[in-house]
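Step one of this worksheet: look at the structure below.
The values are calculated or read from the model by the stated rules, or taken from the named source; none is laboratory data. Please read all numbers here as calculations on a predicted model, not as lab measurements. Here Cβ is always computed from backbone atoms with ideal geometry, including for glycine, and neighbour counts include all displayed protein chains.
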Amino acid sequence: MKLHHTYFYHPEFVENNAAVIERFELLEISMQKIQNALGREDRFIVPENSFETTLSMAI
């Protein structure tokens with residue numbers, strides 16, 4: 001198989017790293033270094049009530 005194009009799908013719901021870091025720090029798990037190493041400022045999250053799946057996003 002040969003790929004000719006690749007595309008990115010970004011759901012409408014965006015959560016920044018501050019929310020993720022805060023969530024883990026409440027569990028006493030330091031996430032600051034991990035988040036900085038990943039280099040992403042935002043997380044795009046598909047809502048649980050969404051009809052999207054990995055397959056439907058790819059088609």
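Quick look at the values:
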{"item": "Residue satisfying all of: in the stretch 19-58; within 30 Å of HIS4 (Cα to Cα) and polar (S, T, N, Q); farthest from the chain's Cα centre (by Cα) among these", "result": "SER56"}
{"item": "Sole exception among (1) loosely packed, with under 10 Cβ neighbours inside 10 Å; (2) touching a helix residue (DSSP H, G or I) at 6+ places or on another chain (Cβ under 9 Å); (3) not hydrophobic (A, V, I, L, M, F, W, C) for ASN36, by number", "result": "(1)"}
{"item": "Members of the stretch 47-59 that are at pLDDT below 80 and closer than 14 Å to PHE13 by Cα", "result": "PRO47, SER50, GLU52"}
